[in-house]
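Take a look at the structure set out below.
None of the figures in this text is laboratory data; all of them are computed from the coordinates on show. These figures come from a predicted structure and were not determined experimentally. Here Cβ is always computed from backbone atoms with ideal geometry, including for glycine, and neighbour counts include all displayed protein chains.
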Amino acid sequence: MPGWSKRILWVDLSRGVFREWRYPGEMALMFLGGRGFAAKILWDFLEPGVDPLGPRNLFVAAVGPLTGLPGPNTGKLVVAAKSPLTGGYGDGNIGSWAAVQMRAAGWDAIVLEGASEKPVVLVVEDDRAWLEPAEDLWGLDAFRAYDKLVERYGRSAGILLIGPAGENMVRYATVVSMKGRAGGRPGMGAVLGSKRVKAIVVRGTKRPELFDPEAVMRAAVEAIREVKASPSFGFWMRQGTMFTVEWAQEASVLPAYNFREGVFEGYEGLSGSYMERIEVDLRSCPLCVIPCGHVIEDVEGRRVELDYENVAMLGSNLGVSRLEEAGLLNRLADLYGLDTISLGGTLGYALEAAERGKLELDAGWGEARKIAGLVEDIALRRGVGDLLAEGSARVSRKLGETWYAMHVKGLEVSAYDCHAAPGMALAFATSPIGAHHKDAWMIGWEIQHGRTEYSREKVRKLIWMQRFRGGLFEAAVACRFPVVETGLGLEHYLRLLQAATGQSLSLDDIYTIADRIYALIRMIWVREHGGWSTDMDMPPERWFREPLTKGPLKGARLDPDRFRDMLQMYYEERGWAPNGVPRPDTLHRLGLHDAANLAERHMTTAS
Ligand code: PTT
């Protein structure tokens with residue numbers, strides 16, 4: 001079956017045993033790869049109820065049939081595990097040469113089980129894999145460790161690694177790559193740290209077996225040509241995701257002061273227009289034709305790659321109004337290997353709790369230098385940092401004030417205030433990993449089509465986004481930016497998939513695969529939690545309880561009854577029961593027969 005290597009490398013770190021698993025072809029057709037493979041592997045092989053930071057958790061890195069193809073933007077892979085932050089399914093999508101090298105080495109996924117006694121690097125070279133001691137790298141920040149790994153294994157090596165935050169099992173530590181790429185928001189870096197794996201290094205020399213290599217090249221060239229001809233290409237190249245700062249301010253969705261407000265008085269100093277004036281470089285993931293990594297020098301004169309999420313969560317959300325200062329916090333997050341969104345969410349909660357007299361903290365809103373000290377304390381689990389390393393949900397429970405902790409299922413919300421955006425709030429509430437925007441950026445559509453509705457039309461739009469963003473791009477594994485930022489047609493990806501695998505998949509086929517993956521991920525959550533309730537799919541209480549006090553939407557807040565009605569519409573459209581558990585008939589229709597048995601036990605009509 002061309003398009004897949006049909007091989008998964010399985011590493012038992014406790015025993016130092018390596019195994020090749022030739023998985024059945026049916027798995028490729030049902031789940032494609034990436035997130036699909038991760039969900040299938042975790043469903044089949046993860047023992048329910050294990051400690052996510054214990055040796056029985058599984059860490060998965062998976063590519064898909066689009067990964068590494070000539071373009072556009074295919075240098076990506078998915079990292080996944082049971083999340084130490086949420087206790088449910090967690091994953092992230094990271095740009096890395098490791099993605100390209102995994103394809104060239106002939107592995108569709110690498111699975112780690114157990115834990116090494118001492119720090120190690122996992123080295124994979126074509127068919128061979130082994131562990132090397134990494135005591136000399138343990139404790140190094142992600143940039144210094146990356147340089148040493150490049151020195152040791154060469155420039156062409158694909159490298160995934162962790163920083164000190166991963167080593168110290170901060171619950172929102174990410175996997176890092178290429179000094180400025182990070183992925184696995186719900187603590188995938190902490191899982192690697194718990195296994196004492198400092199890095200995974202991959203080198204391959206093979207060409208992936210493709211159904212029709214010439215057709216792949218033709219489809220890639222055509223798609224790249226269309227991206228570059230897009231009217232939005234020029235502006236995107238100038239600002240990337242940073243244009244969103246000004247857009248969000250205008251739309252009253254820019255998070256300010258722990259999502260109290262949707263406008264920020266100092267937004268101009270954080271904006272894409274300002275960034276353009278001080279930019280010093282532009283970086284990208286491998287095989288990318290629309291780079292998004294705009295680089296500036298931070299307040300200490302060091303280079304840092306910016307993105308809207310990072311700047312909003314570590315800027316306006318903390319009352320910081322200078323890009324160079326937000327850049328400092330962003331760089332520290334990259335060095336230590338912390339997720340910027342959860343870091344900004346947890347720090348925002350902490351600053352507000354301190355203001356309310358619930359927590360002693362030597363930092364206040366906008367005090368970037370002092371906040372930088374807290375970032376270091378978190379990564380090294382020093383003093384109050386040890387508490388904040390647990391994430392906003394746990395901290396808020398400990399302090400007994402949960403209503404302004406901005407998370408869903410334990411994962412902090414990305415940088416879109418939802419006081420006046422029920423559709424985006426539903427996107428956060430139903431994202432398969434906790435509050436993340438990656439599966440459905442509803443906010444843009446909602447602002448254009450009406451913000452006050454809690455309608456079925458909105459629900460259907462949301463599910464459509466989850467199908468192509470969370471399904472196609474996370475399972476076939478390529479960057480979604482060519483589509484969502486420059487308007488590239490989805491048919492290009494069907495053509496690429498056909499040419500690579502020989503499988504003629506329609507968009508409906510892809511959407512069915514996406515629904516299958518979504519349902520299976522939901523069943524992993526249900527299994528871990530021993531059931532489900534609609535409360536697990538509710539956005540943070542603040543958006544219902546406390547209206548905006550500033551900006552053109554002053555007074556806006558979400559309506560809890562209408563939101564719950566819309567959540568029920570979401571379940572209905574997905575074929576899930578009123579308590580949010582997929583119905584057995586839905587699971588059977590998707591071919592998930594063993595999951596249907598579990599659903600029988602947890603499906604109730606009451607919520
Ligand atoms: C992603 C999340 C995002 S989403 C951002 S900025 W973004 C933050 N970036 C971080 C960072 O940087 N450093 C850090 N220490 N933590 C960070 N946490 C945050 O992580 C990224 C791009 C971006 S930039 C986005 S939207 C798109 N995301 C894609 C996706 O999720 N899937 C997909 N198929 N294609 C995507 N293309 C775009 O890739 P997570 P990256 Mg990231 C420095 O990982 O866990 O998914 O969270 O991956 O390689 O840096 O690429 O405005």
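For segment 8-203, the dipole from Cβ point charges (+1 on Lys and Arg, -1 on Asp and Glu) about the Cα centre works out to 400 debye, to the nearest 20. For segment 315-405, the set of GluC sites (Glu not before Pro) satisfying both a DSSP loop assignment and a count of at most 12 other C-beta atoms within 10 Å is given as GLU360. Only helices enter the 222 nm calculation for the chain: every DSSP H run of n ≥ 4 contributes -39,500 (n - 2.57), and dividing by all residues gives -12000 deg cm²/dmol, rounded to 500.
The residue list GLN239, TYR349, ILE8 was ranked by how far each Cα lies along the charge dipole of the chain toward its positive end, using unit charges on Cβ atoms, and ILE8 comes out on top.
Per residue, the convex hull spanned by the Cα atoms of segment 241-415 amounts to 112 cubic angstrom. Residue by residue, segment 222-239 carries 3J(HN,Hα) couplings of 4, 5, 5, 4, 5, 4, 6, 8, 5, x, 8, 4, x, 5, 4, 5, 6, 10 Hz when phi is fed to the Karplus relation 6.51 cos²θ - 1.76 cosθ + 1.60 (θ = phi - 60°); x denotes Gly or Pro. Of the GluC sites (Glu not before Pro) found in segment 20-122, those that fall in a DSSP loop while having at most 11 other beta-carbon atoms within 10 Å are GLU117. If you take the Cα centroid of segment 460-495 and the Cα centroid of segment 111-128, the two points sit 32 Å apart. From largest to smallest, the equivalent ellipsoid semi-axes obtained for the chain from the alpha-carbon gyration tensor read 32, 28, 25 Å. For segment 401-543, the alpha-carbon radius of gyration amounts to 1.12 times the rule-of-thumb value 2.2 N^0.38 Å expected for a compact globular protein. Along the axis of the charge dipole computed for segment 241-415 (Cβ charges of +1 for Lys and Arg, -1 for Asp and Glu, origin at the Cα centre), the listed residues ALA248, MET275, ALA379 are led at the positive end by ALA379.
In whole Å, how far is the Cα centre of segment 130-156 from that of segment 502-571? What the calculation gives is 40 Å, centre to centre. Normalise the Cα radius of gyration of segment 133-176 by 2.2 N^0.38 Å (N = residues in it) and let me know the number. The reported ratio for this selection is 1.14. Distances between every pair of Cα atoms in segment 158-246, grouped in 10 Å steps from 0 to the bin holding the largest one, split as 15, 24, 24, 30, 7 percent. Among beta bridges from DSSP that stay inside segment 8-203, the antiparallel ones total about 75%. Charged side chains reduced to their Cβ positions (Lys and Arg at +1, Asp and Glu at -1) give segment 100-258 a dipole of some 240 debye around its Cα centre. Comparing PRO552, ILE110, MET465 along the charge dipole axis of the chain, the residue lying farthest to the positive side is ILE110, per the Cβ-charge model. Annotation: Cα Rg of segment 322-439 relative to the compact-globule expectation 2.2 N^0.38 Å equals 1.04. Note on segment 548-607: Rg/Rh from C-alpha atoms, Kirkwood Rh, equals 1.26.
Geometric descriptor of segment 8-203, per residue, is 102 Å³ (volume of the convex hull of the Cα atoms). Here r is the Cβ-Cβ distance between LYS550 and ILE278 and R0 is 41 Å; the resulting FRET efficiency, rounded to 0.05, is 0.90.
Stretching the chain fully between GLU214 and HIS588 yields a gain of 130.8 nm (0.36 nm per residue, less the alpha carbon separation). One Cα centroid belongs to segment 411-449, the other to segment 7-36; the line between them spans 32 Å. Would segment 194-271 count as rounded, prolate or oblate if I go by the C-alpha gyration tensor, calling it rounded below 1.5 in a/c and otherwise prolate when a/b exceeds b/c, oblate otherwise? Verdict is oblate for segment 194-271.
Packing order of peptides 406-418, 441-453, highest average first: 406-418, 441-453 (average count of other Cβ atoms within 10 Å over each peptide's residues). Think of each Lys and Arg Cβ as +1 and each Asp and Glu Cβ as -1; about the Cα centre, that makes the dipole of segment 319-407 roughly 180 debye.
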